[in-house]
Amino acid sequence: MNPPEWSPTVPHDHLAPLPPPVELETRAVLKSCVAARVALAELKQAAQLIPNQHVLINTLPLLEARASSEIENVVTSADEMFRALSGPASADPATREALRHREALMVGYRELERRPLGVRMAELVATTIKGVTMSVRRGSGTQLVNQATGRVIYTPPQGEQRLRGLLGNWERFLHEREDIDPLVRLAAGHYQFEAIHPFSDGNGRTGRVLNSLFLIDVGLLSAPILYLSRYLIQHKAEYYRHLLAVTAEGEWEPWILFMLRGIEETAAWTLVKIEAIRVLVEETADYLKRVDPSLYSRELIDVMFEQPYVRIADLVERGIAKRQTASTYLRRLAEVGVVNPLKAGRGKLFVHEKLLSLLTRDSNEVVPYGLTQASP
C-alpha cells in the first residue's frame with residue numbers, strides 16, 4: 001500500500017529523514033554486507049599492489065564516468081573519451097560531458113583531503129559535471145518523467161529551506177551513524193540524495209560520484225576505482241524500479257540488497273581487470289627487454305599505461321626524453337608492435353591497443369606481443 005503522503009505528481013515534501021522508521025540491517029542485508037566488504041577489501045589490496053597508482057586512477061574513473069553518463073542517456077565510448085583526453089582530437093558534446101563527469105570524480109577525490117563529504121561537495125561535483133554553477137534548487141517545477149511515455153513518475157520536494165534541511169540530515173546520517181554498516185549507509189544515502197533531487201540537473205551522476213567518494217571517505221577503498229555504474233547500466237530498469245519502490249512502498253531491503261550485490265559483483269569484476277592490467281604491464285616490460293633493451297625504462301612503461309593514447313609531448317613533459325628522442329622512442333615502439341601510430345590533426349597519437357582492449361572489453365585475455373588478439 002502506498003504511503004498516503006506520496007503521489008508521483010505532487011511534490012514529495014513529506015520525504016522522511018534518515019534513518020527511516022524500519023530495520024535497515026536485516027539478516028539478509030548483514031549477510032550481503034559481509035560478502036561485499038570482503039570483495040572491496042580484496043580490490044583495495046590488489047589496487048595498492050600496482051606500483052604506479054596513476055595506471056588505475058587515470059583509467060578506471062573514466063570507465064565509471066562513461067557508464068554513469070550513459071545511465072542518463074549521455075552516450076559516448078571509452079575509446080572516444082581516451083582519445084579526447086589526448087588533446088588534439090575534437091570531441092563531440094556527449095564525450096565532453098562525460099569527460100566532465102570524470103573530472104568531477106577526480107576533483108571530489110582530491111577535495112576529500114580538504115573538506116568532508118557533504119552538501120558543499122555535492123555542489124562542487126554537480127558544478128563540474130554540468131560545467132555551470134550548480135546550487136540547491138530554489139524554484140519549483142522539477143519533475144522526473146518517463147521518457148518513453150511522458151508520464152510523471154516522481155516529483156521531488158520543493159523549497160530551498162526544506163531541501164537544505166533534508167540534505168543536512170543526509171550529511172549527518174552518512175557521517176554520524178557509525179552504528180550502521182557503511183555500505184548500508186551508502187545505499188540508504190544514495191536513495192535519499194536521489195529522492196531529495198537537490199539540483200535542477202545532474203542529480204543521478206552527482207549521486208553516483210558521491211558513492212565512490214564515500215567508499216574512500218570511510219576507508220573501504222583508497223582511490224575511485226570501483227566501476228559500479230557498469231552494474232547499474234546493466235540493470236538500469238531494476239535500478240530505477242527499486243528507487244521508486246522505496247518511495248512508493250517503503251521497500252528498503254530489496255533496494256539495499258540490490259546495491260550490495262552491485263558492489264560485490266563490481267568489486268570482483270574490477271579486481272580481475274586490475275590483475276589483467278598488471279599482467280600486461282609485466283608482459284610489456286619483458287617484451288621490451290627482449291626485443292630492444294634500450295627502449296625499456298620504468299618511466300616509459302608508466303606513461304604507456306596511464307592512458308592508451310600516448311603523445312610525444314607526454315614523454316617530454318615527464319622528463320623521459322627531449323622531443324626528437326621521444327619521437328624516436330615512440331616510432332621504435334610502433335616498429336616492434338607495442339603501439340600503433342594514429343594521425344591526429346597535424347600530429348600523431350600512438351595507441352597502446354592491448355591496454356585499450358583491456359579497458360574497453362570484458363575480456364581479460366592478455367595475448368603476447370606478435371600474436372593476434374582474439375575477438376571479444
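What follows draws every value from the coordinates through simple rules; no lab data is involved. For clarity, every value in this text was computed on a predicted model and none was experimentally measured. Ideal geometry is used to build each Cβ from the backbone, glycine not excepted, and the neighbour counts take in all protein chains shown.
What percent of all Cα-Cα pairs in the stretch 92-141 falls in each 5 Å bin, counting up from 0?
5, 21, 26, 22, 14, 10, 3, 0
Can you give the Kirkwood hydrodynamic radius for the stretch 280-360, in Å, rounded to one decimal and based on Cα pairs? Could you put the intermediate results ahead of the total?
On the way: mean 1/r = 0.0793 Å⁻¹.
Final number for the Kirkwood radius of the stretch 280-360 is 12.6 Å.
Just to be sure I understand the model, the point goes 7 Å from the Cα along the line to the Cβ. What's the resulting H14 to E251 distance in nm?
Taking the simple label geometry, H14 and E251 are separated by 2.1 nm.
Who wins for biggest fluctuation among E42, E64, E113 in a Gaussian network model of the chain, springs between alpha carbons below 10 Å?
Most flexible of the set in this elastic network: E113.
Once Lys and Arg get +1 and Asp and Glu get -1 on their Cβ, which of L117, M304, I256 lies farthest toward the positive end of the dipole of the chain?
M304
Of A28, T270, V38, which is farthest along the charge dipole of the chain in the positive direction, counting Lys and Arg as +1 and Asp and Glu as -1 at C-beta?
Working it through, the farthest residue towards the positive pole turns out to be T270.
Subtract the Cα-Cα distance of L30 and Q143 from 0.36 nm times their separation in residues, and report this length gain in nm to one decimal.
Details: separation 113, 0.36 × 113 = 40.68 nm, distance 3.43 nm.
Taking 0.36 nm per residue and subtracting the Cα distance, the gain is 37.2 nm.
Which value at 222 nm does the chain reach when only helices count, each DSSP H run of 4 or more adding -39,500 (n - 2.57), with the total divided by all residues and rounded to the nearest 500 deg cm²/dmol? It would help to have the intermediate numbers written out before the result.
Working: 16 runs with 221 residues, N = 376.
Computed ellipticity for the chain at 222 nm equals -19000 deg cm²/dmol.
Against the longest alpha carbon principal axis of the chain, how many degrees, from 0 to 90 and to the nearest 10, is the axis of helix 160-176 turned?
70
Find how much the distance from V279 to E111 grows on full extension, using 0.36 nm per residue of separation minus their present alpha carbon separation; answer in nm with one decimal. Walk me through the numbers on the way to the answer.
On the way: separation 168, 0.36 × 168 = 60.48 nm, distance 3.20 nm.
Gain on extension, V279 to E111, equals 57.3 nm.
Treating the angle as unsigned and between 0 and 90°, give the value, to the nearest 10°, between the Cα long axis of helix 27-48 and the longest Cα principal axis of the chain.
For 27-48 against the chain, the angle is about 30 degrees.
Evaluate the charge dipole of the chain about its Cα centre and quote only its size in Debye, nearest 20, assuming +1 on the Cβ of each Lys and Arg and -1 on the Cβ of each Asp and Glu.
Working: 44 positive and 45 negative charges, 252 e Å.
It comes to approximately 1200 debye.
Using Cα pairs closer than 8 Å and at least 6 residues apart in sequence, work out the relative contact order for the chain, in percent.
On the way: 512 pairs, mean separation 85.8, N = 376.
23 percent.
Quick one: which residues, 5 or more positions from Y154 or on another chain, have an amide H under 5 Å from its amide H? H modelled 1.01 Å from N in the peptide plane, none for Pro or chain starts.
Long-range HN contacts for Y154: L144.
Across 20 Å bins from 0, what is the distribution of all Cα-Cα pair distances for the chain, in whole percents?
Calculated over all Cα pairs of the chain, the distribution is 27, 52, 19, 1 percent.
So between K236 and T328, what do we pick up on full extension, going 0.36 nm a residue minus the alpha carbon distance?
Details: separation 92, 0.36 × 92 = 33.12 nm, distance 4.69 nm.
Value of the extension gain: 28.4 nm.
Rg/Rh for the stretch 215-264 to two decimals, with Rh computed the Kirkwood way over all alpha-carbon pairs.
Rounded to two decimals, Rg/Rh equals 1.04.
Using 1/(1 + (r/R0)^6) with R0 = 56 angstrom and r between the beta carbons of Q161 and K343, what's the FRET efficiency to the nearest 0.05? Show your work: numbers first, answer last.
On the way: r = 56 Å, r/R0 = 1.00.
E between Q161 and K343, to the nearest 0.05, is 0.50.
Just to check I understand the Karplus step: with θ = phi - 60° and J = 6.51 cos²θ - 1.76 cosθ + 1.60, what whole-Hz values come out for the stretch 107-121, glycine and proline as x?
Result, rounded to whole Hz: 4, x, 4, 5, 6, 4, 6, 10, 9, x, 6, x, 5, 5, 5.
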